Amino acid sequence: MKQTLFLFFGILLLQGCQSLPPAQDGIDADTVFVSASHCLNEYLDDLEKVHYGPCLKVTAINGEEPDVREDGFVELPAATALTIRVSCVYRHADGSPIPATMENADFAVDTSTFAEAGQRWYLHAHKQARGVVGCEPTLSRSVYPTYDTD
């Protein structure tokens, strides 16, 4: 009787494991995620307000329009060289874009840039939210600027 019961639970366990869904349906195990658009902000303690920094939007991956997921990220193959085309724009004090400041740039990705699959990355328009000009895409694992402005 014990052997039959043990066999029954063993088969049940195996059946249950086989029917478990993958960790994330439809996501390749060799994929990384890059934010399709992102804006930098910096809180100014002395003025008690938010400074709206530049925004960046991914416009092309290797010359093709990116397929943006519902969560705002683009799936990219890990450990693969490619070019990410971005558009940057600076913002007024109310957060609205300043069209005259729009600029495009390319961000080169080599095979070691996204070495570990499954990670989320953010492309920033610059390394800090204030005191910068131009479009200098900066890769980060954080939504926050690489540097605080002095």
>> So, in region 51-74, how many residues would count as being part of a strand (DSSP E or B) and either hydroxyl-bearing (S, T, Y) or touching a residue at least 12 places away in the same chain (Cβ under 8 Å) (or both)?
In response: 14
> Among all residue pairs at least 6 apart or on different chains, which show Cβ distances below 6 Å where the first residue, located in region 75-92, is free of Cβ contacts under 8 Å to residues at least 60 places away in the same chain and within 30 Å of H51 (Cβ to Cβ) and the second is open to solvent by 60 Å² or more (accessible area, probe 1.4 Å) and charged (D, E, K, R)?
Replying inline: R85/D106; S87/K57; C88/E103
> Do we find that N41 is surrounded by 12 or more Cβ atoms within 10 Å (Cβ to Cβ) and touching a residue at least 40 places away in the same chain (Cβ under 8 Å) in this structure?
Replying inline: yes
> So which residues in region 100-137 are assigned to a strand (DSSP E or B), open to solvent by 30 Å² or more (accessible area, probe 1.4 Å) and either within 14 Å of P54 (Cα to Cα) or touching a residue at least 40 places away in the same chain (Cβ under 8 Å) (or both)?
Replying inline: E103, N104, R120, W121, Y122
> What number goes with the only condition from (1) open to solvent by 80 Å² or more (accessible area, probe 1.4 Å); (2) modelled with pLDDT of 90 or more; (3) farther than 18 Å from R141 by Cα that A60 does not pass?
Replying inline: (1)
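Condition first: part of a strand (DSSP E or B), surrounded by fewer than 15 Cβ atoms within 10 Å (Cβ to Cβ) and in contact with a strand residue (DSSP E or B) (Cβ under 8 Å, 6 or more places away or on another chain). Can you find one or more residues in region 86-97 that meet it?
To start, the set of residues in region 86-97 that are part of a strand (DSSP E or B) comprises 86-89, 91, 97.
Going one step further and asking which of them are surrounded by fewer than 15 Cβ atoms within 10 Å (Cβ to Cβ), we end up with none.
Scanning region 86-97 turns up no residue that is part of a strand (DSSP E or B), surrounded by fewer than 15 Cβ atoms within 10 Å (Cβ to Cβ) and in contact with a strand residue (DSSP E or B) (Cβ under 8 Å, 6 or more places away or on another chain).
The values are calculated or read from the model by the stated rules, or taken from the named source; none is laboratory data. This one's a predicted model, so the numbers in the text were calculated from it and none came from an experiment. Here Cβ is always computed from backbone atoms with ideal geometry, including for glycine, and neighbour counts include all displayed protein chains. For accessibility, only protein heavy atoms count, side chains too; no ligands or nucleic acids. Shrake-Rupley method; radii C 1.70, N 1.55, O 1.52, S 1.80 Å.
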